[in-house]
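All remarks here apply to the structure that follows.
The values are calculated or read from the model by the stated rules, or taken from the named source; none is laboratory data. For clarity, every value in this text was computed on a predicted model and none was experimentally measured. Neighbour counts are summed over all protein chains in view; Cβ atoms, including those assigned to glycine, are modelled from backbone coordinates with ideal geometry.
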Amino acid sequence: MIQRDQETCSILIVENSDDIRAGLANELNGLGHSVTLAAERDEALAMEDRDQFDLLVSDLVHIEPTAESEMVRSFKISVTSSCAGSELNDIIVRTLAFKLRRIDDAQKAMAGREKIDLELPSDLRLMNSVLEYLLDRVDKLGLAAVEQSNLFVALDEAFVNAVKHGNRNDPRKLLRVTAELSAREAIFTIEDEGDGFDVQAIPDPTDPANLFKSSGRGVLLIYNIMDEVEYSQRGNKLRMVKRPPSRVVS
C-alpha cells in the first residue's frame, strides 16, 4: 500500500537506464513526493498497487527501430488520478526540464523520429509547461523557426479550446496530447473528453457580419498557421501538421 499525505503525489518511473531513472527520482523526491522505480514495463505491470499511482513517467530514453529502419524515441507522461494542481504542475515542470537537460540536449543530433505521449488533467497551468517543451523539441530538430512560425499561437489555441470548451476546465477530465516529430514534419494530436462540436457550425470569422464575434477565431488561426488541420467527426480530437517552409510536398 502506498503511503502519502494530502500534499504529496505518488509517482511511478519506468526507465531501463539506471542513471536516468535515479536522476529523475532524485529530482522528484526533492519536491517531497513518493517515487517508485521500475526498470522494465513488465516489472511495472506486475505491481499489485500500480493503480494507486497518481502519475506515470516512462521511456525517457527508450529507442526502438521501426519497419522502415528508422529509430523512434518515445516518451510518456500519464496522470492516472488527481493530486493537487500546484504539486502536479511542479512535477511536470521538473520532469520536462530534466528530460531536456539530461537527455534531449545530449541526443539532439540523433536521426529518426520522436513520439511524445502526454495524458494530463485539464489545467492550463500544465499546458504552458507542455507547450514550452514541445516548442523546444521542434526548435532543436530544426523543423521550424518557432518565433517566426506562429506555432506557439496554434498550439496554444488548440490547448485552450480543448481545456476550456472541450473539458469545461474540469481537472477530472484528461487531455491527451501526442507529438510525432521528425525532420520532415511535426504532427500534433490533441484530444479532450468533452462532448465535441461541429466545426462546420462555427461562424465564419472572416464574414463582416461576424466581425465582433470571438467564436471561431482560434480555429481560423489554427487553419492559417498549420499545413494540415483535421477534426474528428465528433469534434473532440484535433490533428495538426506543420512542415518546414522549404519543403514542398506533392
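Could you say which residue among 151, 174, 143 is of a type outside the set (Phe, Trp, Tyr), touching a strand residue (DSSP E or B) at 6+ places or on another chain (Cβ under 7 Å) and more than 20 Å from residue 114 (Cβ to Cβ)?
Being of a type outside the set (Phe, Trp, Tyr), touching a strand residue (DSSP E or B) at 6+ places or on another chain (Cβ under 7 Å) and more than 20 Å from residue 114 (Cβ to Cβ) holds for just one of 151, 174, 143, which is 174.
What is the residue count in the stretch 194-217 for residues that are buried (at least 17 other Cβ atoms within 10 Å of the Cβ) and either at pLDDT 90 or above or under 16 Å from the mean Cα position of the chain (by Cα) (or both)?
Matching residues across the stretch 194-217 total 1.
Grab the helices (runs of 4 or more DSSP H) fully contained in the stretch 96-179, keeping just those with 3 or more residues being modelled with pLDDT of 90 or more. Let's see the steps before the verdict.
Values: elements: 124-140, 146-149, 151-160.
Here the list reads 124-140, 151-160.
Determine which member of the set 101, 125 is surrounded by fewer than 17 Cβ atoms within 10 Å (Cβ to Cβ), within 24 Å of residue 12 (Cβ to Cβ) and touching a helix residue (DSSP H, G or I) at 6+ places or on another chain (Cβ under 8 Å). I'd like the intermediate steps shown before the answer.
On the way: 101 fails: touching a helix residue (DSSP H, G or I) at 6+ places or on another chain (Cβ under 8 Å).
The unique qualifying residue is 125.
Just name the residue that is surrounded by the most Cβ atoms within 10 Å (Cβ to Cβ) out of those in the stretch 36-55 that are in contact with a helix residue (DSSP H, G or I) (Cβ under 9 Å, 6 or more places away or on another chain) and over 15 Å from residue 80 (Cβ atoms).
37
Name the single residue that is surrounded by the fewest Cβ atoms within 10 Å (Cβ to Cβ) among those in the stretch 128-161 being more than 14 Å from residue 225 (Cβ to Cβ) and of a type in the set (Val, Ile, Thr).
160
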